[in-house]
1. Pull up the range 254-278, narrow it to residues that are part of a helix (DSSP H, G or I), in contact (Cβ under 8 Å) with a residue 60 or more places away in the chain and open to solvent by less than 50 Å² (accessible area, probe 1.4 Å), then point me to the one that is nearest to A295 (Cα to Cα).
2. Listed residues Y32, Y50; which is on the phi > 0 side of the Ramachandran plot and either at pLDDT 95 or above or in a helix (DSSP H, G or I) (or both)?
3. Can you say whether V226 is of a type in the set (V, I, T) and in contact with a Leu (Cβ under 6 Å, 6 or more places away or on another chain), as far as the supplied structure shows?
4. Looking at L221, L236, L250 in this structure, which one is in contact with a Ser or Thr (Cβ under 8 Å, 6 or more places away or on another chain) and not small (G, A, S)?
5. State which residue is nearest to D46 (Cα to Cα) when the search covers only the range 99-123 and only residues that are assigned to a helix (DSSP H, G or I) and touching a Ser or Thr at 6+ places or on another chain (Cβ under 8 Å).
6. Please go through the range 186-203 and give me each residue that is under 16 Å from S82 (Cβ atoms), open to solvent by 30 Å² or more (accessible area, probe 1.4 Å) and within 16 Å of the chain's Cα centre (by Cα), ordered by number.
7. Hey, S82 hits all of (1) in contact with a Gly (Cβ under 6 Å, 6 or more places away or on another chain); (2) open to solvent by 60 Å² or more (accessible area, probe 1.4 Å) but one; which does it fall short on?
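The values are calculated or read from the model by the stated rules, or taken from the named source; none is laboratory data. All values derive from a computational prediction rather than experimental measurement. Positions of Cβ are backbone-derived with ideal geometry, glycine not excepted, and every protein chain shown enters the neighbour counts. Surface accessibility is based on the protein's heavy atoms, side chains included, excluding ligands, DNA and RNA. Shrake-Rupley method; radii C 1.70, N 1.55, O 1.52, S 1.80 Å.
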Amino acid sequence: MSEPERGGRRRRGRGGRGEQPVVPRAEFGSYYGRPVIKPPSWAAPDIAGYFFLGGLAGAGSVLAAGAHLTGRTTTARALKASSLAAVSLSAAALIHDLGRPGRFANMLRVFKPTSPMSMGSWLLGAYGPAAGVAAASAVSGRLPRLGGAATGAAGLLGPVVATYTAVLAADTAVPAWHGAHRELPYLFAASATAAAAGMALVTGPARENAPARCAAGLAALADAAVERAAERRLGLVAETWQEGRAGTLLRAARYLTAGGALGAVLLGGRRVPAAASGLALLAGSACTRFGVFAAGVASAEDPKYTVVPQRERAEAA
């Protein structure tokens, strides 16, 4: 007697079509259709805005450092000021979501390298003063050496500021975020670069915006490629990126980012088209952050997006 027959688990089908399973296929469900995980309690205006503004600040400091080094003083000054404003508003949004300013201060009492939230708090604590000194020096014209050092420090911290929120989101159990944990930091980096390039196009003179135009084109290409890669990895959960509020926002982000980048590359040498393209890039980046946030909430609220991936992993094993 064969092993499957002794175990009573399989039998041979009619016509010798091979062994068929006797044990029914395992089904996964949730209690009365309720969410398997708790949806994020974060408020969209606060945390999605925090994602966007942090990205704008961090990438803006990188472009500001480049403009500073290449003698594009007007663009550098504008980007330093906008980065300070963005990180200030970002911190305000985070504190508003926390409820009390003291809670942010309490987060600085612990230094935990394995916690994205802890590291993010310390990162903001280091980046904010550097961005502030860089902006103050650029606007006032005083202490240029200190301002240059602060510009360099903010530029070095900028990439991490622009992307650590992606790690923060992907470190949760939310399917639409955790499932794309490999791609999400790259998507946030591309989106932040598009936003910073847009800010440079809006606030800087046309004669200085060649690097921003190049950055806008590259960011748009990277944004589109990484978003497609994330949706392929997510499988069924990618529906939350394509439907409902998140789908609307992410489609708008694609159109705005592509249109803004195209306008920047082709027409960015003129002031009005450059500013219009910059505004489109800024709006597209904001839509990306709010769209990803909305997708995460939708995936946590519907048990299908938690249960089905579990079944797929079980079948693959």
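1. Taking the candidates together, the pick is T257.
2. Step by step, each of Y32, Y50 is checked, and only Y32 is on the phi > 0 side of the Ramachandran plot and either at pLDDT 95 or above or in a helix (DSSP H, G or I) (or both).
3. Taking the combined requirement at face value, the residue satisfies it.
4. L250
5. Among them, the one singled out is F104.
6. Once the filter is applied, which keeps residues that are under 16 Å from S82 (Cβ atoms), open to solvent by 30 Å² or more (accessible area, probe 1.4 Å) and within 16 Å of the chain's Cα centre (by Cα), the range 186-203 yields only T193.
7. (2)
Let's see how each residue does on (1) closer than 20 Å to A59 by Cβ; (2) without any contact (Cβ under 8 Å) to a residue 60 or more places away in the chain; (3) over 19 Å from the mean Cα position of the chain (by Cα):
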{"residue": "R109", "(1), (2), (3)": "no, yes, yes"}
{"residue": "K112", "(1), (2), (3)": "no, yes, yes"}
{"residue": "M119", "(1), (2), (3)": "yes, yes, no"}
{"residue": "A135", "(1), (2), (3)": "yes, yes, yes"}
{"residue": "L143", "(1), (2), (3)": "no, yes, yes"}
{"residue": "G147", "(1), (2), (3)": "yes, yes, yes"}
{"residue": "V167", "(1), (2), (3)": "yes, yes, no"}
{"residue": "P175", "(1), (2), (3)": "no, no, no"}
